[in-house]
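Heads up, the thing below is written out as C-alpha cells.
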Amino acid sequence: MDVMHTLGLNTLQFTLMEDAGMIFSLDEHSGKMTWNSLSSGDGIPQPQQQQRHGRNVNNNRYTTWTMDAFRAVVQHASTLNIQIIPEIAMATRGAGGWFDTGFHTACPEYLCNTATADGIGAAIDTTSSNLFLGIVSAVIAELYNVFDTTPYIHLGHDERQESQACYSEAGVQDAKLDLFETRIEKVLDMFHIPRTNVLRWENEEGKEYPVRAGDVTHYRKTVPTSTEARKKPYFVSTNLDLEQQTATEDESSLKDGWSIYQQTRTYVHDVEDDQLPKGILATLGGTTTATYWDQLNVKGRLLAFVMALRKSDEIYKSKEEFLVAYKSECSRLWPGMDCREGSVQSPDVARKRVERVKEDRRKSSCARKTHVKVHTFPKKGVLIPADDDTTKR
C-alpha cells in the first residue's frame with residue numbers, strides 16, 4: 001500500500017474467496033468472522049498480538065485475523081487515500097470458498113478429475129435450504145461494515161454453464177440461480193447497498209442472464225465496444241495482469257514498461273470522457289514475498305501503469321520517448337533503484353509460480369470439497385480419505 005500511495009493509486013481490490021478456499025471463517029466461539037490467510041500471510045501488515053496460526057489443506061501455515069485487526073488495515077489504507085474493495089463469490093465460479101458452510105453441491109468425481117482445470121466449476125446447493133442465503137447475507141453485511149471506506153463491494157462471477165457438470169453429478173435438475181440472484185438483490189436492498197455500487201465480473205461464457213445482483217461490470221477478458229455499454233458503469237482489468245502476462249510467450253504479453261503503458265492508455269486516452277471506466281485495475285497474484293515482489297519488479301511495472309493513467313498532454317508516441325521519462329521518474333521516486341525498463345528480472349520465476357498456483361488450486365479444490373487428498377503414491381490419481389493416517393506419508 002505504501003508503493004500505491006507513492007504512485008498515487010487509490011483503489012485496491014482484495015479477493016477474499018475463490019474455488020480453492022476463503023481467507024475468512026466463522027469463529028466457533030463468538031460467531032464473528034475471522035480472517036484466515038491461505039498462504040504465508042506476508043503481504044499485509046498484521047497486529048502481532050492478534051494472530052492465531054494453523055495449517056491449510058496444503059499444510060501451509062496460515063494466520064487467522066480478528067475483524068478488528070482487519071479493520072485496522074482498512075483504516076491504515078484510508079490514511080493513504082486508498083479504498084479497499086472486498087471481493088467474494090456467489091453460487092457458481094468461486095463458490096468452492098463456501099465449502100465450510102456445508103452447502104456445497106456434492107460432485108467429487110468432477111472436482112477431483114485431473115482434467116478439470118483449476119478445480120473450477122464448484123457450485124452451491126441453493127435449492128434445498130434457505131439457510132445459505134442467510135449466511136451470505138451476514139457476510140455481505142459484515143464486509144460492507146468493515147470495508148467502510150469504499151462504496152463498492154464485488155460479488156464475483158455469475159457463470160453457470162461450467163457448473164452444470166457438478167450439478168448433473170449431484171442430480172440437480174434446476175439450480176434456480178435466477179431466484180437466488182433475485183434474493184441477493186433483496187439482501188442488497190435490505191442493507192441499503194445501491195446496485196450501482198456492486199461489481200460483478202464480466203461473464204466469460206458470453207451470457208447475459210435475466211437476473212444479476214450488481215449493475216457494475218468488471219471486464220477482464222474483453223472490453224465494452226458499443227457506446228451503450230460504455231455509458232453503463234464499468235471497471236476494466238483486461239490484459240493488465242502484471243504477473244501472469246509475464247508467464248506467457250504471447251507476443252502481446254506485458255513484457256516491459258512500454259507494453260504496459262500502451263495497453264493501459266487505450267482505456268484512458270482512446271475513450272470519450274463520458275464513457276471512461278469507473279476504475280482501471282491492474283492485477284497481481286495473491287500474497288507475495290518481498291523476494292518475489294522484487295523479481296517481478298512490481299514497483300517498476302506499476303510505475304509504467306500509472307504513467308499511462310495520467311490525463312495530461314504528455315503522451316509518449318515511441319518507446320524511446322517513454323523510456324527517457326520512465327527512467328527519470330523511477331530515479332526520482334526510488335533513488336538507486338533499477339526499474340529495468342519495466343521488465344521482470346526472471347520471467348521463469350513468474351511462469352513457475354503461476355503453474356504451481358494452478359496445480360495447488362486443483363488439489364485444494366479436491367481436498368476441501370470432497371474430504372479426500374490426491375496422492376501420487378502408491379499410484380497416480382489414488383484418492384485417500386483426508387482423515388486417513390496414510391495421508392501423512
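The values are calculated or read from the model by the stated rules, or taken from the named source; none is laboratory data. What you are looking at is a predicted structure, and each value in this text was computed from that prediction instead of being measured. In this analysis, Cβ positions are derived from the backbone assuming ideal geometry, glycine residues included, and neighbour counts consider all displayed protein chains. Please note that ligands, DNA and RNA were not included when accessible areas were found on the heavy atoms of the full protein model with its side chains. Shrake-Rupley method; radii C 1.70, N 1.55, O 1.52, S 1.80 Å.
Would the stretch 71-87 turn up any residue that is at pLDDT below 90 and part of a strand (DSSP E or B)? No, the stretch 71-87 contains no residue that is at pLDDT below 90 and part of a strand (DSSP E or B). Within the stretch 155-181, residues that are in contact (Cβ under 8 Å) with a residue 12 or more places away in the chain and small (Gly, Ala, Ser) have Cβ atoms under 6 Å from residues that are crowded, with 20+ Cβ neighbours inside 10 Å and in a helix (DSSP H, G or I) in these pairs: ALA165/TYR110; ALA175/TYR167, counting only partners at least 6 apart in sequence or on another chain. For beta carbons closer than 7 Å, sequence separation of 6+ or different chains, a first residue in the stretch 126-144 that is among the small types (Gly, Ala, Ser) and a second that is outside any loop (DSSP other than H, G, I, E, B), the qualifying pairs are SER137/VAL187. Taken over the stretch 146-173, residues that are over 14 Å from CYS107 (Cα atoms), out of contact with any helix residue (DSSP H, G or I) (no Cβ under 9 Å at 6 or more places or on another chain) and open to solvent by 50 Å² or more (accessible area, probe 1.4 Å) amount to 1. The C-beta contact set for the stretch 305-321 (first residue open to solvent by 90 Å² or more (accessible area, probe 1.4 Å), second residue of a type in the set (A, V, I, L, M, F, W, C) and modelled with pLDDT under 95, distance under 7 angstrom, 6+ apart or interchain) comprises LYS311/VAL268. The residues listed here are ARG200, ARG183; of these, the one that is within 15 Å of PRO86 (Cβ to Cβ), outside any loop (DSSP other than H, G, I, E, B) and of a type in the set (Lys, Arg) is ARG200.
What about LEU188, is it modelled with pLDDT of 90 or more and over 24 Å from the mean Cα position of the chain (by Cα)?
On the way: modelled with pLDDT of 90 or more: yes; over 24 Å from the mean Cα position of the chain (by Cα): no.
When the stated conditions are applied, LEU188 does not pass them.
The residues on offer are THR182, THR227, THR196, THR222, and the sole one that is open to solvent by 30 Å² or more (accessible area, probe 1.4 Å), of a type in the set (S, T, N, Q) and in contact with a helix residue (DSSP H, G or I) (Cβ under 8 Å, 6 or more places away or on another chain) is THR227. MET337 meets all of the listed conditions (1) at pLDDT 60 or above; (2) part of a helix (DSSP H, G or I); (3) open to solvent by 40 Å² or more (accessible area, probe 1.4 Å) but one, namely (2).
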